[in-house]
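Notes follow the structure.
The values are calculated or read from the model by the stated rules, or taken from the named source; none is laboratory data. On a predicted model such as this, the values are computed, not experimentally measured, just so you know. Here Cβ is always computed from backbone atoms with ideal geometry, including for glycine, and neighbour counts include all displayed protein chains. Just so you know, the surface numbers come from the protein's heavy atoms only, side chains and all, with ligands and any DNA or RNA stripped out. Shrake-Rupley method; radii C 1.70, N 1.55, O 1.52, S 1.80 Å.
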Amino acid sequence: MGSALIKNGTVVTATETMHADVFIENTMVVAIVASGIDLGLVADRTIDASGKLVIPGGIDVHTHMELPFGGTFAADTFETGSRAAAWGGTTTIVDFAVQTKGESAMEGFEAWMAKAEGECAIDYGFHMITGDINEQTLKEMDMLVDEGVTSFKMFMAYPGVFYSDDGEIVRAMQKAAENGSMIAMHAENGIAIDVFANQALARGETDPIHHGLVRKSVLEGEATHRAIRLAEVTGAPVYFVHLSALEALEQVILARDEGRNVFAETCPQYLLLDLDNLGNGFEGAKYVCSPPLRDRAAGHQERLWRGLKTDDLQVVSTDHCPFCMGDHHTFGVQKQLGRGNFAAIPNGIPGVENRMELIFDAGVSGGRINPNRFVEITSTTPAKMFGLFPKKGTIAVGSDADIVILDPDRTHTISVDTHHMDVDYSAYEGREVTGKVETVLSKGKVIVADGLYHGRKGDGDYLRRGTTMMLR
Ligand code: URP
Ligand code: ZN
Ligand code: ZN
């Protein structure tokens, strides 16, 4: 593969900002030296990063490529979704393999490994959705940890689909406490939500806006509280996925103040979009995801931004789960499945390509967080949270050369016309952002440069993850 030198950039890690040159040999960073000092090393390729930020590649720990959901499949395959991620400066994804009711978890894992094998543009790992907790699954959780699947997603939402009751959650948490894995929790009280949803539909309230109205933020807070207390009595660490509501964040803060191993991510949609996006008739279907977008006036969004600043929230992921408004070329009807019934709209929003630029724009360019914190929440902590650090998540000697060169001053407009995700709309259509991902290296190979993609499917390898490094 050869060597590369990234010269004259501002190298930003979670802890340092330095005007430095980064020398890469094959897949790895081998030297970082203050700019201007002659390394005496000759590289096959020199990349001038003057005026640019040189940051660790993004790590998106919440994606759903080809997720079967609501009678269809998420529109991006591992090929298209991981390539789009690369375009947007993300060089690692952790996706969710699925065990459905009556299936073995190991078989689910193997099926997802087969889907991803030879398809990915960037490195990838898996969490496991455990949809059926029984004696066999509990044994398989140990086997999966050995395979590098060290986190298990459980759902307090979606009764009849992925839902687990409190007893199942307790049993999985006991296992996680024993084998060092993490429970990743979708915290919404799905039983209560279904009552409100059915009542709304019976009143003829069928538009997407009602998805947002029936999935009340208090019910996310309640589920978060319950999961924290179940984690307390079992000793398991718990990571709340796609946290959207201030009531949920309050519970996380209380638990963290008690010194508990409680962690949480939020997503760009909860930081930037709101309940109003679910209005405008069926157009709102573009924004149907769970938990739903929240009422801006109630203060959720500003509370989430503050939580990111104060480390009450540790990670920004995307929950990338795209469904087309029109027919998908392979998977057919998607969002339209819920025309006339908001509860049948496949849940999910596209975003894997946009996360780095959206958060840089609103966070760093917008003055809410500094560049080091940006790196921490988009790369370093995700790597530590899910057992990938220091191979991933930083620019350091010995780390994989997953590196993004970002122009902090370049402004551009997000649009379906220019994105690479295999979905027919952008949730951020027309949004102008400052900060542009220009060059992307994955394990030392330049895969995006000068507006062109130079990678290939199969460049990405499976990552056998370790257990979390975040325990307190
Ligand atoms: O709406 C969402 N979040 N779709 C993906 C599945 C999930 O709950 O993460
Ligand atoms: Zn979820
Ligand atoms: Zn998800």
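Based on DSSP, what percent of beta bridges with both residues in the chain are antiparallel, to the nearest 5?
50 percent
Distance in nm between label sites at residue 370 and residue 135, each 7 Å beyond Cα in the beta-carbon direction?
According to this spin-label approximation, the distance is 5.6 nm.
Which of the peptides 50-63, 328-341 is most tightly packed, and how do the rest follow, judged by the mean count of other Cβ atoms within 10 Å per residue?
50-63, 328-341
Nearest 10 degrees is fine. How inclined is helix 300-309 to the longest principal axis of the chain, computing both from alpha carbons?
Tilt of helix 300-309: around 40 degrees.
Jot down the per residue volume, in cubic angstrom and as a whole number, of the convex hull over the alpha-carbon atoms of the chain.
126 Å³
At what distance in nm do the modelled label points of residue 449 and residue 310 sit from each other, each positioned 7 Å from its Cα along Cα→Cβ?
Modelled inter-label distance: 4.5 nm.
What full-extension length gain, to one decimal in nm, is calculated for residue 104 and residue 410 as 0.36 nm per residue of separation minus the Cα-Cα distance?
Roughly 105.3 nm would be gained on extension.
Sorted by accessible area (1.4 Å probe), largest first, how do 421, 469, 18 line up?
The ordering from most to least exposed comes out as 469, 18, 421.
Treating the angle as unsigned and between 0 and 90°, give the value, to the nearest 10°, between the Cα long axis of helix 217-234 and the longest Cα principal axis of the chain.
Result, in degrees: 80.
Which sequence of 79, 107, 250 reflects their accessible areas, 1.4 Å probe, from the largest down?
Descending order: 107, 250, 79.
Return the FRET efficiency for the residue pair residue 327, residue 41: r is the Cβ-Cβ distance, R0 is 51 Å, and the value is rounded to the nearest 0.05.
It comes out at approximately 0.45.
What does a probe at residue 396 reach in segment 48-76, counting residues whose amide N is under 11 Å from the point 7 Å along Cα→Cβ?
none
On a 0 to 90° scale, report how tilted helix 135-146 is relative to the longest principal axis of the chain, with both axes built from alpha carbons and the result rounded to the nearest 10.
10 degrees
Could you tell me the accessible area of residue 309 in Å² (1.4 Å probe, neighbours in place), rounded to the nearest ten?
130 Å²
Taking the Cα centre as origin and putting +1 on Lys and Arg beta-carbons and -1 on Asp and Glu beta-carbons, what dipole magnitude results for segment 40-125, to the nearest 20 debye?
With only Lys, Arg, Asp and Glu charged at Cβ, the dipole is about 300 debye.
Relative to a virtual label point 7 Å from the Cα of residue 3 in the Cα→beta-carbon direction, which members of segment 390-407 show backbone nitrogen distances below 16 Å?
397-398, 401
Report the calculated FRET efficiency for residue 174 and residue 257 (r = Cβ-Cβ distance, R0 = 22 Å), to the nearest 0.05.
Rounded to the nearest 0.05, the efficiency is 0.35.
Along the charge dipole of segment 356-459, which of 423, 363, 412 sits closest to the positive end, that is, farthest toward it, with unit charges on the beta carbon of Lys, Arg, Asp and Glu (+1, +1, -1, -1)?
Positive-most Cα among the choices belongs to 363.
Which order do you get for 234, 100 if you rank them by accessible area with a 1.4 Å probe, largest at the top?
Listed by decreasing accessible area, they come as 100, 234.
Among 2-8, 453-459, how do they line up by average Cβ neighbours within 10 Å per residue, starting with the highest?
2-8, 453-459
Excluding ligands, DNA and RNA, what is the solvent-accessible area per residue of segment 6-55 at a probe of 1.4 Å, expressed in Å²?
50 Å²
Per the helix-only calculation at 222 nm, which mean residue ellipticity applies to the chain, given -39500 (n - 2.57) for every DSSP H run of n ≥ 4 and division by its residues, nearest 500 deg cm²/dmol?
The helix-only estimate for the chain comes to -8000 deg cm²/dmol at 222 nm.
Can you send over the carbon and sulfur percentage of the accessible area for segment 69-200, probe radius 1.4 Å, protein chains only?
Carbon-and-sulfur percentage of accessible area, whole number: 53.
R0 = 35 Å: FRET efficiency of residue 30 with residue 472, Cβ-based, nearest 0.05?
0.60
If the only charges are +1 at each Lys and Arg Cβ and -1 at each Asp and Glu Cβ, what is the size of the charge dipole of the chain around the Cα centre, to the nearest 20 debye?
About 580 debye.
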